[in-house]
Amino acid sequence: MEYYSKQISRLIEEFSRLPGIGSKSAQRLAFHVINMPKEQVESLAKTLVDARNNVCYCEQCCTLTDQKICPICKNPDRDQKTIMVVETPRDLAAYEKTGKYYGTYHVLHGAISPMLGIGPGDIRLKELMQRLQGDVEEVIIATNSSLEGETTAMYISKLIKPTGIKVSRIASGVPVGGDLEYIDEVTLLRALEGRTQL
Ligand code: ZN
């Protein structure tokens, strides 16, 4: 039995496809949108489409940006010889929020997970290795301390070792299984300062 008109059902269905949105939240969001002023809905729709159309990967660090090279990579004050490897742009944002890291980043967009069938070729590792052919002094591996994050860290350190570039891993002030983006800034900084060479 259909409780709602087709348009409303479709809206609910679209919302329920988003991560973390169950059917109740989807209904709440759908009715919220329907009650919003028309201009606000149009602006929301346009923002969604524009973001999807214009956001791409930075040609250097692979983070999401609306320019060819992101502002961090472009910034002459950032130390281009130090690269921090993170899993997602959200992790990058977490470290940026500390305001105490002056190097650059490399965003993998995931982690190696044999369980989920995600191999080294499925994340942005090739791009990292290409960058290392330039002038790089240290690679700081800041993947999450989950099984996947640790597997990825190990894999990367083995790849980099033969190049002679210094490889370090952020300290375990980061709780095991913890997602970087939820960790407070003090803990993140301590993890960075206490990094150990691999
Ligand atoms: Zn970049």
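When the Gaussian network model of the chain links Cα atoms closer than 10 Å, the mean-square fluctuations of G134, G22, G103 top out at G22.
Here K6 is the anchor, and the lysines within straight C-alpha reach of less than 26 Å, apart from those fewer than 8 places off in the same chain, are K24, K38, K46. With viscosity 1.567 mPa s and temperature 4 °C, the Kirkwood radius over alpha carbon pairs of the range 78-171 converts through Stokes-Einstein to a diffusion coefficient of 97 µm²/s. Near C70, the amide H atoms lying under 5 Å from its own belong to E59, Q60, C61; only residues 5 or more places off or on other chains count, and H is placed 1.01 Å from N.
Tell me which of Y95, P120, Q133 sits at the most positive position along the dipole axis of the range 78-171, charges placed on C-beta atoms (Lys, Arg +1; Asp, Glu -1). Value computed over the given set: Q133. In terms of Cα atoms, the Rg and Dmax of the chain work out to 20.3, 66 Å. Normalised by the number of residues in the range 78-171, the average gap of Cα pairs under 8 Å and 6 or more apart makes the relative contact order 31 percent.
Site-free segments of the chain were taken between chymotrypsin sites (Phe, Trp or Tyr not before Pro) in DSSP loops having at most 16 other Cβ atoms within 10 Å, sites themselves excluded; the longest one is 5-101. Over the Cα atoms of the range 1-74, the radius of gyration divided by the Kirkwood radius equals 1.15; this is the Rg/Rh ratio.
Please state the charge dipole magnitude for the range 78-171, taken about the Cα centre, from unit charges on C-beta atoms (+1 on K and R, -1 on D and E), reported in debye and rounded to the nearest 20. Could you put the intermediate results ahead of the total?
Values: 12 positive and 11 negative charges, 30 e Å.
In debye, rounded to 20, the range 78-171 gives about 140.
What does the charge add up to near P114, with Lys and Arg as +1, Asp and Glu as -1, over the other residues with Cβ less than 14 Å from its Cβ? That sum, taken over residues with Cβ under 14 Å, equals -3. Taking every DSSP helix (H) stretch of at least 4 residues in the chain, weighting each as -39,500 (n - 2.57) and dividing the sum by the residue count yields a mean residue ellipticity at 222 nm of -13000 deg cm²/dmol.
Separation of the range 57-136 and the range 1-54, taken as the distance between their Cα centroids, equals 32 angstrom.
For K100, the lysines whose Cα falls under 26 Å of its own Cα, not counting residues fewer than eight places away in the same chain, are K68, K74, K81, K166.
Just so you know, all these numbers are worked out from the coordinates, no wet-lab data involved. Being a predicted model, the structure only gives us computed values, none of them experimental. Don't worry about glycine lacking a Cβ; one is built from the backbone with ideal geometry, like all the others, and counts go over all protein chains shown.
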